[in-house]
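A.B. asks: Have a look at this one before I ask anything.
The values are calculated or read from the model by the stated rules, or taken from the named source; none is laboratory data. Everything numeric in this text was worked out from a predicted model, so none of it was measured. Cβ sites come from the backbone with ideal geometry, for glycine too, and all protein chains shown count toward neighbours. Quick note on the areas: whole protein, heavy atoms, side chains included, nothing else; ligands and nucleic acids left out. Shrake-Rupley method; radii C 1.70, N 1.55, O 1.52, S 1.80 Å.
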Amino acid sequence: MTVHASDTTTPAALVARRTPGHSLEAPFYVSDALFRLDVDAVFARSWIFAAAEAELPEPGDYITLTLGAYSVLVVRDDDEEVRAFHNVCRHRGARILNDERGSVGNIVCGYHHWTYGVDGTLLHAESQPPDFDRSCFGLRSVHVRTVAGLVFLSLAAEPPADFDEFAARVEPYLAPHNLARAKVAQQIDLVEHGNWKLTMENNRECYHCAGHPELQRCYFPLYNFTEDEVPPGMRATFERFQKADAEARATYESLGLPYATIEELVERPTGFRVQREPLDLAGESFTPDGKAAVRRLLADFPTARLGHLGFHLQPNAWFHFLADHAVLFSVVPLAADRTLVRTTWLVHADAEEGIDYDLDSLTGVWVATNEQDAVFVSRAQLGVGSPAYVPGPYSPTESQVEDFVTWYINRLTAHLEGP
């Protein structure tokens with residue numbers, strides 16, 4: 001890793017001198033110390049997206065999630081509720097579940113076989129004295145919430161208090177897509193060789209979308225352009241978008257689907273953006289011709305031509321909900337210069353591969369787009385690691401990148417100045 005002279009500057013000084021409208025200084029992307037601060041100040045203090053409920057269809061199904069030094073296990077209990085616990089045995093601290101996912105009857109530590117129920121209760125601890133009180137040694141809980149089939153967790157002792165209000169506002173957008181009855185058609189992990197913020201920044205702008213030919217065929221690449229700002233070369237696309245948008249709004253209103261954009265990315269702890277908008281071509285899905293990739297729709301929609309519902313959550317997720325499927329993206333920081341991007345495709349629980357959908361057709365656009373984004377992010381990481389790098393200005397179409405970075409700086413500030 002390249003070490004910049006400014007690496008010796010304190011995080012508080014770096015935060016204080018951040019120039020609005022410009023990219024961050026190099027240490028934010030390359031410093032191991034800043035990476036650890038990001039985990040503590042951002043990921044361990046926010047609500048983060050963990051999984052789809054569809055990844056835990058049966059009691060005992062679990063996933064594990066690693067964030068820095070934290071390991072969390074998320075499990076569906078016998079009452080079919082989703083629970084989350086620190087993946088740390090209450091005996092001598094051994095990590096209990098070491099696989100990324102699986103299914104258990106009880107949660108058994110492989111070291112000394114302390115055994116917990118899927119509700120976290122300690123059921124068995126061999127060779128303890130008669131006065132040993134098992135009720136004092138259940139697994140330590142992690143805050144967890146489900147919203148319209150999505151699982152969120154917070155490692156904070158006191159999670160951000162705005163989650164209830166956030167959930168109440170986004171659930172009407174998500175719930176019609178019936179994710180609670182979905183199944184996982186595919187999940188692909190991709191490790192990007194870049195800092196997690198570069199991954200999120202890359203996702204928050206379409207300034208670079210000429211590098212996504214597959215996505216551009218079905219997606220209107222008009223991110224943040226007002227009518228007056230549309231470049232001449234994109235005028236025909238903009239006019240096609242206007243027509244599709246008018247038709248889509250009429251459809252949304254006839255079906256009672258909320259579509260107004262909510263964008264609150266800067267001030268609140270749980271920064272989010274939600275918007276329903278049309279797609280190009282047939283307007284149904286992310287496929288080469290824009291037609292539905294799955295014959296059985298996610299819900300009882302009378303049409304597949306619903307465009308997509310875009311949902312973005314800081315610090316670690318974005319989503320696309322369509323009539324026929326949903327695509328979920330989560331970001332997990334692995335190191336200062338490595339980030340896991342997990343992409344999950346959900347379809348109706350009764351949809352059958354080979355009959356109702358072809359997996360390559362379902363996933364092709366985003367597989368290609370993710371691989372292209374990984375190249376962009378790795379190039380950005382190489383650039384910010386150069387001694388020649390100095391922060392550059394965002395364009396007006398990158399306003400959501402500026403919002404994300406400002407939110408991030410606000411989170412660090414709150415942490416550094418907090419009690």
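A.B. asks: Compute, for region 211-326, the length of the dipole vector about the Cα centre, with Cβ point charges of +1 (Lys, Arg) and -1 (Asp, Glu) only. Units Debye, rounded to 20.
C.D. replies: 360 debye
A.B. asks: Counting only heavy atoms of the protein chains, get the accessible area per residue of region 1-93 (1.4 Å probe) and round it to a whole Å² value.
C.D. replies: Result: 41 Å² per residue.
A.B. asks: Another question, if that's okay. Solvent-accessible area per residue for region 219-365 at a 1.4 Å probe radius, Å²? Spell out each step's value before the answer.
C.D. replies: Details: 5670 Å² over 147 residues.
With all protein chains present, region 219-365 gives 39 Å² per residue.
A.B. asks: Can I ask one more? What nm distance separates the two modelled labels at ALA175 and LEU255, each placed 7 Å from Cα along Cα→Cβ?
C.D. replies: The modelled label-to-label distance comes out at 1.7 nm.
A.B. asks: Accessible area of the chain with a 1.4 Å probe: how many percent of it is carbon plus sulfur?
C.D. replies: Summing carbon and sulfur atoms, their accessible area is 50 percent of the total for the chain.
A.B. asks: Test of the criteria: in region 89-136, which trypsin sites (Lys or Arg not before Pro) are in a DSSP loop and have at most 12 other Cβ atoms within 10 angstrom of their Cβ? Can you show the working numbers first?
C.D. replies: Details: sites: ARG90, ARG92, ARG95, ARG101, ARG134; in loops: ARG90, ARG92.
Within region 89-136, the qualifying trypsin sites (Lys or Arg not before Pro) (loop, at most 12 other Cβ atoms within 10 Å) are ARG92.
A.B. asks: So, one more: Please identify the helices of the chain, taking whole runs of DSSP H, that span at least 18 Å along their own axis as judged from the Cα atoms and have a mean Kyte-Doolittle score of 0.0 or higher.
C.D. replies: Span-like helices here: 359-384.
A.B. asks: Sticking with this one: Amide H of LEU334 versus every other amide H placed in the peptide plane: which residues, excluding those fewer than 5 positions away on the same chain, fall under 5 Å?
C.D. replies: THR339, LEU340
A.B. asks: At 7 Å along the Cα-to-beta-carbon direction for both ASN98 and LYS183, put a label point, then send me their distance in nm to one decimal.
C.D. replies: A separation of 3.1 nm, rounded to one decimal place.
A.B. asks: What are the ³J(HN,Hα) values, in whole Hz, obtained from phi via the Karplus relation 6.51 cos²θ - 1.76 cosθ + 1.60 with θ = phi - 60°, for each residue of region 114-126 in sequence order, with x given for Gly and Pro?
C.D. replies: Result, ordered by residue: 4, 10, 10, x, 6, 9, x, 6, 6, 9, 8, 9, 5 Hz.
A.B. asks: Sticking with this structure for a sec: If you build a Gaussian network model of the chain, linking Cα atoms that sit under 10 Å apart, which residue out of SER141, SER386, SER127 swings the most?
C.D. replies: Sorting by GNM fluctuation, first place goes to SER127.
A.B. asks: Can you give the calculated 222 nm mean residue ellipticity of the chain, where each DSSP H run of n ≥ 4 adds -39,500 (n - 2.57) and the sum is split over every residue, rounded to the nearest 500 deg cm²/dmol?
C.D. replies: -8000 deg cm²/dmol
A.B. asks: Using unit Cβ charges (K, R positive; D, E negative) and no other charged atoms, how large, in debye to the nearest 20, is the dipole of the chain about its Cα centre? Don't jump to the answer; show the numbers that get you there.
C.D. replies: Working: 34 positive and 59 negative charges, 139 e Å.
The calculation lands at about 660 debye.
A.B. asks: Find which of SER386, VAL375, ALA323 sits farthest along the positive direction of the dipole of region 304-405, computed with +1 on the beta-carbon of Lys and Arg, -1 on that of Asp and Glu, about the Cα centre.
C.D. replies: SER386
A.B. asks: To the nearest 20 debye, what charge dipole does region 140-181 have about its Cα centre, counting +1 at the Cβ of each Lys and Arg and -1 at the Cβ of each Asp and Glu?
C.D. replies: 240 debye
A.B. asks: For the chain, what is the relative contact order in percent, using Cα pairs closer than 8 Å and at least 6 residues apart in sequence? Intermediate values should be presented prior to the final figure.
C.D. replies: On the way: 829 pairs, mean separation 87.1, N = 419.
Computed over the chain, the figure is 21 percent.
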